[in-house]
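Have a look at the structure below before the remarks.
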Amino acid sequence: MGGLAPPPPVEQRAPGRWQVGTVTRIKRETPRVKSFRIDLPIWIPHLPGQHYDVRLTAEDGYQAQRSYSIASSPLDEGGIELTIDLLEDGEVSPHFHDVVVEGDRVEVRGPLTSYFVWHGESPALLLGGGSGVVPLMAMLRHRRRTMPELPMRLVYSVRAGEAVIYADELGDDAILTFTREPPSGWSGHTGRIDAALVAEAGVEPGIAFVCGSNGFVEAASQLALEAGFDPEQVRTERFGPTG
Ligand SMILES: Cc1cc2nc3c(=O)[nH]c(=O)nc-3n(C[C@H](O)[C@H](O)[C@H](O)COP(=O)(O)OP(=O)(O)OC[C@H]3O[C@@H](n4cnc5c(N)ncnc54)[C@H](O)[C@@H]3O)c2cc1C
């Protein structure tokens, strides 16, 4: 995007209304993924799995709008964390990576309703590919702080060792598999998520949340069905056309 015009003022309190948040913290997660804490003048508690829309406006009025899942627990009041994967030829993600700095203001609206939300159902199986881990992390984080005994397990498919998002937060409730370049010395799983890995997660059916690229979601939701999850209990969110 070219030069950005100042965002308009807040209109009124409602998830569907645009408001202007302030970026208060930026954390580099991986070489191509950053997390942004955005404080909001009108903060509405979200459900893990929901997303916000982000809108950029150029000086000539051109606008670009994209959706980003909330990574944070709703217990973190007053703002949200968004985690954005850089697509070099994209419009919005490069702006966040290359232009936005702490203290900047950004226009957002949400939390937006979706059927991809966790209300506390259990047991819960989370299948994530790449940046598809973002809304699943909101679920894990919230469950750890509210219901740590609740059965929930994340199976997370990542291309390479350097691409693990939230690496310092993944514990016994997560199983990783590397599809291309595992870190040196890795003795765990490699290759795509398969039936054996889903079985190893040890989550009885249950509710399943599956998030990632179209191809990942197709394959992983099929595995959840084969593992005995009811079709109505397999919730999917697709982030983009490829990957
Ligand atoms: C409900 C929802 C939640 C989302 N949450 C997140 C999130 O938490 N983090 C995140 O990083 N993204 C998320 N996305 C994807 C995000 O909305 C954008 O599509 C993404 O950031 C690309 O936008 P862009 O403007 O940078 O690229 P664009 O200008 O839209 O696209 C540039 C190029 O990349 C391709 N492309 C677009 N999206 C993807 C993709 N996801 N993967 C691979 N190629 C793609 C396009 O076909 C095009 O060739 C979510 C999408 C949805 C629908």
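Since every read-out is calculated from the coordinates, none of them should be taken as a lab result. Quick caveat, the model's predicted, so the values are computed rather than measured. Don't worry about glycine lacking a Cβ; one is built from the backbone with ideal geometry, like all the others, and counts go over all protein chains shown.
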**Message:** Can you order the peptides 135-142, 51-58 by their average number of other Cβ atoms within 10 Å per residue, highest first?
**Reply:** 135-142, 51-58
**Fill in**
Ranked by GNM mean-square fluctuation in the chain (Cα springs under 10 Å), the top entry among 128, 212, 90 is 90
**Message:** For Cα pairs less than 8 Å apart in space and 6+ apart in sequence, what is the mean separation divided by the residue count of segment 43-128, i.e. the relative contact order in percent?
**Reply:** 38 percent
**Prompt:** Say we join alpha carbon atoms closer than 10 Å with springs in a Gaussian network model of the chain; which of 122, 72, 114 then has the biggest fluctuation?
**Reply:** 114
**Request:** Pull up the DSSP beta bridges for the chain and report the antiparallel fraction as a percent, rounded to 5.
**Result:** 55 percent
**Request:** Once you've got the GNM for the chain with C-alpha springs shorter than 10 Å, pick whichever of 18, 43, 186 has the biggest mean-square fluctuation.
**Result:** 186
**Message:** Checking a compactness column here: for the chain, what do you get for Rg(Cα) / (2.2 N^0.38 Å), N being the number of residues?
**Reply:** 1.01
**In degrees, nearest ten, helix 214-226 long axis to first principal axis of the chain (Cα)** = 40 degrees
